[in-house]
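The values are calculated or read from the model by the stated rules, or taken from the named source; none is laboratory data. It should be emphasised that the depicted structure is a prediction, and the values quoted were computed from it without experimental measurement. Methodologically, a virtual Cβ is constructed for each residue, glycine included, from the backbone with ideal geometry; neighbour enumeration extends over all protein chains shown.
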Amino acid sequence: MLSCQSASRLVSQSLDRPLHWQEKLALRFHLAICRHCRRFAKQLNQLRSAVKTMMQRTEADASIVLNPEAKARIMHIIQQHH
């Protein structure tokens, strides 16, 4: 049986990668009996959906422009953390 901490970790990881069938089964079982983790999973999915919608709107808005220096700073920070 998964702990709530392990279940929440799997819920989060499922957004980034496909879970193995064993992980899926364990997570489904845990979510079936734990309302707190079900709520967390629902909130995380809602947050992901809201961010995706916001990104689509931002990408479609031609009036939003990032200057080249800001882009360079962002790329530099991303490269430092990988």
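A few remarks follow.
- Filter pass, Asp61 being loosely packed, with under 10 Cβ neighbours inside 10 Å, closer than 25 Å to Cys4 by Cα and at pLDDT below 95: no
- Scope the range 1-49; condition surrounded by fewer than 16 Cβ atoms within 10 Å (Cβ to Cβ), of a type in the set (A, V, I, L, M) and at pLDDT below 95; matching residues: Met1, Leu15
- Arg73 vs. criteria at negative phi, among the basic types (Lys, Arg) and free of Cβ contacts under 8 Å to residues at least 12 places away in the same chain: yes
- Total residues in the range 13-25 satisfying the condition of being farther than 16 Å from Phe40 by Cα and either of a type in the set (A, V, I, L, M, F, W, C) or touching a residue at least 60 places away in the same chain (Cβ under 8 Å) (or both): the figure is 3.
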